[in-house]
Structure formats: structure tokens, C-alpha cells
Number of protein chains: 2
Amino acid sequence: MGQQLAFCGDRPKSRPAPARSPDVSAVRHLRLFDDLDLEAQADILRLARPQRLGPGEAPLRQGDAPDLVFLVLSGRFKAVQVTSEGAQVVTRLVGPGDLMGHVAVLNDKPHSATPIAVLESLVLAWNCDDFMEAMRRHPGFAVAVMRGMAASIQEAHTRLREAATERVEQRIAHAVLRLARQAGRRVANGVEIAFPLTRQDIALMTGATLHTVSRTLSAWEHQGLVDGGRQHLVLRAPWVLARIAGGAAGGEETIASAGRPSGE
Amino acid sequence: MGQQLAFCGDRPKSRPAPARSPDVSAVRHLRLFDDLDLEAQADILRLARPQRLGPGEAPLRQGDAPDLVFLVLSGRFKAVQVTSEGAQVVTRLVGPGDLMGHVAVLNDKPHSATPIAVLESLVLAWNCDDFMEAMRRHPGFAVAVMRGMAASIQEAHTRLREAATERVEQRIAHAVLRLARQAGRRVANGVEIAFPLTRQDIALMTGATLHTVSRTLSAWEHQGLVDGGRQHLVLRAPWVLARIAGGAAGGEETIASAGRPSGE
DNA sequence: CGACACCTTGAAGGCTATCAAGGTCGGTGG
DNA sequence: CCACCGACCTTGATAGCCTTCAAGGTGTCG
């Protein structure tokens, strides 16, 4: 009882003295800090160390012992899991306000995926002992972290259901709609996915091959549903994609033939 | 800031006075209470109300507003998610020490699955406000809850990877091995799944049809890898199944041809 | 302007769902 | 006790979705 667990694995405690504690104003707007008063925010931030990552860089690697916990301030990451046979999956997309590495720390197991930056990104890093201590000292923080984990679980279960019950075209539709919701930017033609996204990436998110993804997007482009391009995607008719995702076979569906919702 | 969130949805707070607070001894051995001293355990249990469920019964239903959080003391549940088209998935298996309903409560969204008892089961129920309050008052409890959620996330991501990269036979192998780990009981012939499990259940866990599952299990039974039966399964050669799960095509593999591990 | 990464498109084949037709077990009521 | 019924399981045949194999096209960066 009351047994102390080694949350950071068994490696020596390396606590690099924060060069300078980040400013509270940088995180005030994040939902993770909604519940906390200024004092608590400052207390938690005092232990954090900012870090900058360019596209392709990773703050931690699959298989590493848990050591640090990261909070994304800006930019975006894709969490890639590689199997022993070399097959890959993108387990989730990580954006501002999301944590990385906390699952492994809480589980006391090696990291199960490598988060790779797809944009110039800024993160905060905590030594994992400090992170655990912050949660113990500020229950509101712990609850906020749990909220994020709960959302993560629901998303994973949703994707699990899609993978088990849907055809490839539906899964791709769901995937791009989810991308638009998580990282979409309104543009003239519709909604643009606001980071470089290859066909291969979509394939890794949907359990399809890049060939099938390419074919599907080509078909959609011919129907005017999307604008494709090199590492680039614009959803011109999200409502039609939603109908495809919902189970309608698609068939001869065009932009005009589907009732455009008045709201939104 | 400090804005109070409606964790229980907007329904009136119904707090049925606990008939009698459950005994601390019933939960002492659960990992969820490892970190807590006796006083904290008692404080948390004081708010809980025991409840008994028979096979087929569900403590909550998919789509319901979050209201209560449950802790399984004994028995077992399968969490079933149904899509609008009627397709079903089993998102997870819930056993002693696991929570139910907490994800929806933390997310403040309707329950995303219905946990159905597959055995006579005993659970503890908390009003969700009380549950949140317990976590705020006892950070160690919050951390323990998070540990369970972290495990849940890793399992979901693992299954996501399997669904995306593996053939049906491999997925079934992984599924039955996971079942054996979570609900296995050593018997003379090997390891028995210790609750009634239909082919359909396995199909809902793996994204296959019950026909394919039946065919696969029949083939395994002919090879002596498993003993099948009505709602019944015994793994005679888990190490061979592990090899099948690991990617080996199986082919002419028999019990004898695979090196039996010395340990365990 | 050459090389690399990304994308497109065709053809063939296999894995699995689907359709179809029973078989078997266990409980229930007469 | 026995017959019936429902739930669960098995096995064949067929069809089709999607992967796999193959061959190029295209955009971008150094």
C-alpha cells in the first residue's frame, strides 16, 4: 500500500534545469489549463522546458523508456507505430493542447509510437516525475489531463469501429473529415487540411494501401468533391463526404445532388 | 477560469443514498486502490453503492447521458458499440478492477457503448459528481484512474494497428491470446477462456464475420491448437497461436513443430 | 537539370464477405 | 421423458473488394 511506483522507468533522473520558464500567457487559452488558477498554472509551468522541433523531427521514439512528457503549443505531429514486420500505422494526430508521452509514463511501459513533427512545432517538456507531481499537487490539472485521455479513447474506439465495419471508401471519408475537424482551415474552395499530408499518410490512418487511397481521391476529384495536390487536400463538399462516410454507396452522387445543410 | 463543468450532463442530480457503504476489504486488492491509504479508500467507498447484474444486463446504455461511474468487483462485461446502420463492435472487455462509464463522464458526452454482463457480476456505482469529487480530493486515486485509461489507450492503439495491418487469422489469434491474458484460467489441456464466448463475439472483436471465425477455429481445432465448443474455448498451444499472430502464415504448423518456451 | 519523393493508373489474383443450407446443443414445456 | 424450439455452430460455393505487382507520370528541391 502506498507503494511508490517508478513512473520514469529505471533510468537515472536527469532533470535539465529549465533555461527559462515559459510564460503563462502561452498556455492560458488551452483547455488543459481551463480549470486552474494563475498560481497553479505558473507552478506547473515553472517545471517545463520549451523545445522547438522542425518537420521530420521527433521528441521521443517508439520503444524508448518513458522519460519526458510533452505538451504541444503550436505545430502538429503524427504518431506513427511500426510493427516488428515493418508495417506502419498512424495512431493519432497531435495538435496544440494535446499531450505526448503521458500514456507511456502512466503505463510505465515503453513509448508505443513515435510522434513526428509535420510542421515547425513548439512544445513544452516536463520531466515525468515533475509531471506526476504536478498532477498530484493540482487535481484540476489531473482532471484536465484525463479529459484529453478520455477523448483519445473515444476516438480510438470510433476508429476501431470504422476499421471493423466499413469499406475503404467510407474509412477514407471518415479520416479526411476527422482531419478537417482537427486541422482544417477555411479557404475559398472549402476546407483545407492545414499541413502537408501524403496519400501514404491517409493510407496509414485508414488501413488501406496508398494505391487505393490515390484511386479514391482521384475519383472524388473527378466528382468535384475534393481538390487534391501534392501533399495537399481541400474538401470542397464535406457534406457529400459525410454522406459517403455514413454508408451511402456514393454511386453517381455529385455536389448538387446532395442537400447542402443550411447551418454551419 | 475555474468554470464549473457539468460532468453529469444536465439531468437532475439524483443521489440515491447508499443502502450500506461497501466494505474496504472488497477493493483493497485492486490496483485502483494501491496508492491510497485506508482512510482515503474508506472515504471513496462511502459514496459508492453496490449493484448486482446478471448475464445480459447492462448498467448503462450507449447514447445515455453520463450519470454514474461503475467499478467492477467481480464478473465480466463486454462493451458493445452499435452503429446507426446496425453493425456492431466489441470495443473492450471489462473485468474486475476496471471502470465503466468514466470515459463518457470525463468527456461530458453520451456513453459510446453498452457494457453487457456475460457473467453474474458485482459492481460499485458512484454518482458522477461524487466520482469527480473523489478524484479531486485524492490525487492518488485520480492517478490510478489515469493508469487504467492509459492501458486502455495502448490496447486500443494496438488493436487499431492489428486491424489495419493484419489478416483475419492473425487478428483472431491476437484476440484469443488477449482474451486468455485478460480472462484466462489454467486447466488441464491449456488455458480456458473463463466466460461464455460465442464465435459471433470473436467476430465482433476482430472485424470478421462469424463464418470466417468459425472456419478459422475449426482449422485450428483440427491442428490441435485449440479445443472449441459451444460458447467455449481452450487454448492448447498458445505459443503456436502467438507465432500465427506474429505473422507466420501457419501453414503446416503443429504443436510439435514450434519450440515450446521453457518459462511460463 | 537531375534525382528523389510523391502521385496515378492498369491488370491479375487472393482473401473474405456473402449467400445458402443444414447440423448440434441445451433448455423448456407438455 | 420426450419433443420442440431457439441459439449457436459448421461447411460449401460464389462474388467482389482490395491488395499486390508493374510501369510510368509529375512536381520540387538542390
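The values are calculated or read from the model by the stated rules, or taken from the named source; none is laboratory data. The shown structure was predicted, so the numbers you read here are calculated from the model rather than taken from an experiment. Positions of Cβ are generated from backbone atoms using ideal geometry, with glycine treated the same way; all protein chains shown enter the neighbour counts. In case anyone asks, the SASA skips ligands and DNA or RNA and just uses the protein heavy atoms, side chains included. Shrake-Rupley method; radii C 1.70, N 1.55, O 1.52, S 1.80 Å.
Only four residue types carry charge here, +1 at the Cβ of Lys and Arg and -1 at the Cβ of Asp and Glu. Report the dipole size of chain A about the Cα centre in Debye, rounded to the nearest 20.
220
How large a share of the accessible area of the range B:24-162, in percent, is made up of carbon and sulfur atoms when the probe is 1.4 Å and the other protein chains stay in place?
So the carbon and sulfur contribution to the accessible surface is 48 percent.
Take every Cα pair under 8 Å in the range B:166-245 that's 6+ residues apart, average their separations, divide by the length, and report that relative contact order as a whole percent. Intermediate values should be presented prior to the final figure.
Values: 105 pairs, mean separation 29.5, N = 80.
It rounds to 37 percent for the range B:166-245.
Which residue, B:Ala164, B:Ala245, B:Ala48, tops the fluctuation ranking in a GNM of chain B built on C-alpha contacts under 10 Å?
B:Ala164
Just which residues of the range A:141-155 lose 10 Å² or more accessible area with every protein chain there, against their chain alone, with the probe set to 1.4 Å?
Residues of the range A:141-155 that lose at least 10 Å² of accessible area once the other chains are added: A:Ala142, A:Val143, A:Met146, A:Arg147, A:Met149, A:Ala150, A:Ala151, A:Ser152, A:Ile153, A:Gln154.
Within the accessible area of the range A:167-245, what % is carbon and sulfur when the probe is 1.4 Å and the other protein chains stay in place?
48
Is the C-alpha gyration tensor of chain A telling us rounded, prolate or oblate? Criteria: a/c under 1.5 is rounded; beyond that, a/b larger than b/c is prolate, otherwise oblate.
On the way: a/c = 2.24, a/b = 1.86, b/c = 1.20.
Taking the square roots of the gyration eigenvalues as a ≥ b ≥ c, chain A is prolate.
Which whole-number value in Å² is the accessible area per residue of chain A, probe 1.4 Å?
Per-residue value: 45 Å².
What does the copy distance list look like for A:Thr198, label position 7 Å along Cα→Cβ, in nm and ordered from shortest?
The answer, with the shortest distance listed first, is 4.5 nm.
Once both axes come from the Cα atoms, what is the angle between helix B:139-165 and the longest principal axis of chain B, in degrees from 0 to 90, rounded to 10?
The two axes meet at around 30 degrees.
Taking Cα pairs under 8 Å and at least six residues apart, what relative contact order does the range B:24-162 come out at, in percent?
33
Measuring label to label, 7 Å along Cα→Cβ, what does B:Gly54 give against each other copy in nm, shortest first?
So the distances to the same position in the other copies read 6.8 nm.
Given charges of +1 on the Cβ of Lys and Arg and -1 on the Cβ of Asp and Glu, with all other atoms neutral, how large is the dipole of the range A:24-162 about its Cα centre, in debye to the nearest 20?
Once rounded to the nearest 20, the dipole reads 280 debye.
Which one of A:Ala79, A:Ala117, A:Ala87 has the biggest mean-square fluctuation once chain A is modelled by GNM with Cα springs under 10 Å?
A:Ala87
Under a 1.4 angstrom probe, counting protein chains only, how are B:Ser121, A:Ser74 ranked by accessible area, largest first? Provide the component values of the computation, followed by the final result.
Values: B:Ser121 0, A:Ser74 50 Å².
If we order B:Ser121, A:Ser74 from most to least accessible, we get A:Ser74, B:Ser121.
With every protein chain left in place, what is the accessible area of B:Glu39 in Å² (1.4 Å probe, nearest 10)?
150
Interface size between chain B and chain A, please: total buried accessible area, 1.4 Å probe, rounded to the nearest 100 Å².
Working: alone 14160 and 14160 Å², together 23840 Å².
About 4500 Å² of accessible surface is lost on pairing.
Over chain A, what is the mean sequence separation of C-alpha contacts under 8 Å (at least six apart), divided by residue count, expressed as relative contact order in percent?
Value for chain A: 17 percent.
Among rounded, prolate and oblate, which fits the protein assembly as shown when a ≥ b ≥ c are the square roots of the eigenvalues of its C-alpha gyration tensor, a/c under 1.5 means rounded, and a/b larger than b/c means prolate?
Cα axes put the protein assembly as shown in the rounded bin.
Which value at 222 nm does chain A reach when only helices count, each DSSP H run of 4 or more adding -39,500 (n - 2.57), with the total divided by all residues and rounded to the nearest 500 deg cm²/dmol?
-11500 deg cm²/dmol
Among the trypsin sites (Lys or Arg not before Pro) within the range A:175-233, which fall in a DSSP loop and have no more than 10 other Cβ atoms within 10 Å of their own Cβ? Can you show the working numbers first?
Values: sites: A:Arg178, A:Arg181, A:Arg185, A:Arg186, A:Arg199, A:Arg215, A:Arg230; in loops: A:Arg230.
Qualifying residues, ordered by number: A:Arg230.
Which aspartates and glutamates have a Cα less than 14 Å from the Cα of B:Lys109, not counting those fewer than 8 places away in the same chain?
A:Glu155, B:Asp10, B:Asp64, B:Asp67
Can you compute the FRET efficiency between B:Thr83 and B:Asp37 using 1/(1 + (r/R0)^6), with r the Cβ-Cβ distance and R0 = 41 Å? Round to the nearest 0.05. Can you show the working numbers first?
Values: r = 45 Å, r/R0 = 1.09.
Efficiency computed from Cβ-Cβ geometry: 0.40.
A:Asp98's amide H: which non-local residues (gap 5+, or another chain) put their own amide H closer than 5 Å, with H modeled 1.01 Å from N in plane and none for Pro or chain starts?
Here the answer is A:Val72, since their amide H atoms fall under 5 Å of that of A:Asp98.
Within the range A:104-146, which residues have the backbone N less than 11 Å from the label spot 7 Å out from A:Ala26 along Cα→beta-carbon, could you tell me?
Flagged as within label range: A:122-125.
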